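Some notes on the structure that comes next.
Each reported figure results from applying straightforward, stated rules to the coordinates on display, with no laboratory input. Not measured: the values here are computed from a predicted model. A quick note on method: Cβ atoms are made from the backbone with ideal geometry, for glycine too, and the neighbour counts reach across all protein chains shown.
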Amino acid sequence: MDAITPVDADSAVVSADVQPQRRVLKIVRNAVLVFIGVIFAIWLVLFITKGRFLKHPFESVAGSLADRKIMVGGDFQLYFAPFRLKFLAENLEVSNPKWASADTLFSARRLETRIAPLSLIFGRRHAYWLDLADGNANLEWDAQHRRNTWTFGSGGKGKPFELPRIDRASISGMRVRYVDPQMPLLANLRIDPIVSIDTRIGNAVGVNGDGRFRNTPFRVAARLLSPDASVTGGENKLELRAWAVNSVIDVTGTLPALTEFENVPLNVAAKGRDLSQLVGVIDVTIPQTRRYALKAQMVKDGQAYRFTGMTGTFGQSDLSGRFTVNNAKRLRLDAALTTRRLDIIDAAPFIGYNPDIVASHGAVAAAAATGAGAQRVMPDAALPVASMQRFDAGLDWKIGIVRSKNVPVSDVAMKLSLERGRLVLSPLTFSMARGDVSSDLIFDTRQRPSAISYDIRLGPTPMGRLLAGYGVADSGTTGSVHGRIKLEGRGDTIHDSLATSSGRIAFVMPQGTLWTKNAQLAELDLGTFVYKMFEGKLKKPIEINCGLLAFTVRGGMAASDPILIDTSKNVVTARGGFNFDTEGVDMAFRADGKKFSLLSGQSPVRLGGHFASPSLQVVSPQLLGRVGAGLGLAVVASPVAGLLAFVDVGDAKSAACGPVLSGARAAAQRTTKGKPRTDVGKGQAKKTS
């Protein structure tokens, strides 16, 4: 017997180890082949039979999973051809849940499609081909906006509707009905025949329809088409026009695929009678505008719609910038806007005026149109309390020049914040006649009635420029004015908030000159005025040492506290005030001379009437009394004695300018000798009608 060598022994051990491994591999191979064979057999059976025998199992299984009744009244096919899942159903009908207003979710005379199988499990559903004839879809949310008809499964939370990506399509006779009671929205759309190849639509597609959005009727017409300039891979041009609330909206752009809208830039243009009516459709409130025309680029990003590169006009003003409308959790509007020139009429709606009425009939007629009484200029238009509490907003608006006949305004910068009904304009700044105005305005509609506060601060402003539109000469006038208005009131209109307001109004005039021909008339110094008139010197500067025009406001009634202007020749005081409620004015101005004057009326000049139509009563009862006294002296004594009734002995006490320049109240005012003034602080605001 031959001896076994060590090499043979090792080979035997290796052979013994390899044989089990080979058996395992063989088993795995055979299992794989069997599995492939079974899959191939299933595929072959399905391919040969077109899966028609799966019709009833499909109705049963799919209906059970969807918790709906699904019926196929005609031919049915479900198989891989060869690797894409082909589905065909004739007279297909899918029912709606019982709570829906329509019985059927979807029906079609014929539906044929080829689907990417993995897209049914992962990612967005993708259809390579869709052939749909006489389809009818009823898409609906419930009243609580928790469930919808297209989200399957019992008790499941409704998900937003998402169209599958469709590369090629042939659709004819398709109708879509969409209902959302919460918005509320009702849309009925009709889709004209669609033929698309390789994501390119061969013929123009028409989508027409109408509906109602938040009680606003609308019409829409759209076309999808593929021009010869489409790049390889397919792009589809969209042209859409909608009509609503006296506006026309055009949307154009290029879609990368038939149903691809997300993150696709589209050009949007809108024009119409009033922009506030258009944005009011989505429950956003802005001031009324005149005719407008705007265009921008829009991109839909989830629940946000971003508009950039906006340019256009409203009324006689221009507008540019960007804004975003976001409806993810709570409707919010954010905007950054720029206006080079703002017409003062276009600014009228910010205080409640209709700009068209202002342009054609004036401010008084515009105020009357808001419900204000006769002879009033303050608007009585109510704040949109309900809508202000339904959305939030942030605005940064810069305005170059405000076109105005009387007061030059420029460099306006406004920051606005609206949070659940609390509107804050802070800061609101602008330049007026080379002076700076800064303000903080708060409209809190969460309190009932609304709590409104006004804090307006005027920096040192040249009076020549400020009053240039009212007859004051800029050249030669060196006087300036600065002041503050701080009021708080309650009401849902500007009128009501001021009619109930309390606070203080004060304007201070430091030393300077005022040059106007009407100043001497105000003093009623007849001798001086007649002398200057015959000399032809109708413009003579008045030297102002200091001045204060201040009012204390309580319950909407403003009383002078004080009005005191100290000039080189006179001390001008006034008593009385005005009423924010009735807009009545009842004030008496008096100028007491510091020097002797032979012919001086020495009687108050009454300022009465209303804000809309103030009246100046030069011939006052006091003056008539002095005339009567003069006539009496002339009769009983001599004509010369009659002049004594008009003599001004010039005993006016000069003002201590310290309290005046600090805006102190009447009780703190002093003469230059330190004595309390007795000619200010006794005025009362009357309830003028």
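Among the listed pairs Lys486/Lys653; Lys237/Lys329; Lys295/Lys398, which are separated by more than 27 Å between their Cα atoms? Each step should come with its number before you reach the end.
Numbers: Lys486/Lys653 31 Å; Lys237/Lys329 32 Å; Lys295/Lys398 19 Å.
Table pairs above 27 Å Cα-Cα are Lys486/Lys653; Lys237/Lys329.
Looking at region 52-299, I'd like the Rg to Rh ratio, where Rg is from alpha-carbon atoms and Rh is Kirkwood's inverse mean 1/r.
Over the Cα atoms of region 52-299, Rg/Rh equals 0.99.
Relative contact order, whole percent, for region 52-299 stands at 10, derived from Cα pairs under 8 Å and 6 or more residues apart.
For region 668-679, putting each phi into the Karplus relation 6.51 cos²θ - 1.76 cosθ + 1.60 with θ = phi - 60° gives couplings of 9, 6, 9, 7, 5, 8, x, 8, x, 7, 9, 9 Hz, in residue order, rounded to whole numbers and with x for Gly and Pro. Which of Pro97, Pro117, Gly74 sits closest to the plus end of the dipole of region 52-299, meaning its Cα is farthest towards the positive end, when Lys and Arg get +1 and Asp and Glu get -1 on the C-beta? Farthest towards the positive end: Pro97. A full extension of the chain between Asp396 and Leu337 corresponds to an added length of 20.6 nm, given 0.36 nm per residue minus the alpha carbon distance.
Here the gap between Arg665 and Trp243, fully extended at 0.36 nm per residue and compared with their Cα-Cα distance, gives a gain of 146.0 nm. Full extension of the chain between Ser613 and Asp411 yields a length gain of 69.6 nm, computed as 0.36 nm times the residue separation minus the alpha carbon distance. Neighbours of Lys271, meaning other residues whose beta-carbon lies under 10 angstrom from its beta-carbon, give a summed charge of +2 when Lys and Arg score +1 and Asp and Glu score -1. Working from label points 7 Å from Cα in the Cα-to-Cβ sense, the Lys55 to Arg490 distance is 7.5 nm.
To the nearest 0.05, what FRET efficiency results for Ala293 and Arg212 with a Förster distance of 35 Å applied to their C-beta separation? Could the numbers behind the result be given before it?
Working: r = 26 Å, r/R0 = 0.73.
So, using R0 = 35 Å, E works out to roughly 0.85.
Computing FRET efficiency as 1/(1 + (r/R0)^6) for Ser387 and Arg554, where r is the C-beta to C-beta distance and R0 is 25 Å, gives about 0.15.
What's the local net charge at Arg125, with K and R +1, D and E -1, over the other residues with C-beta under 10 Å away?
Within the 10 Å Cβ shell, the charges total +1.
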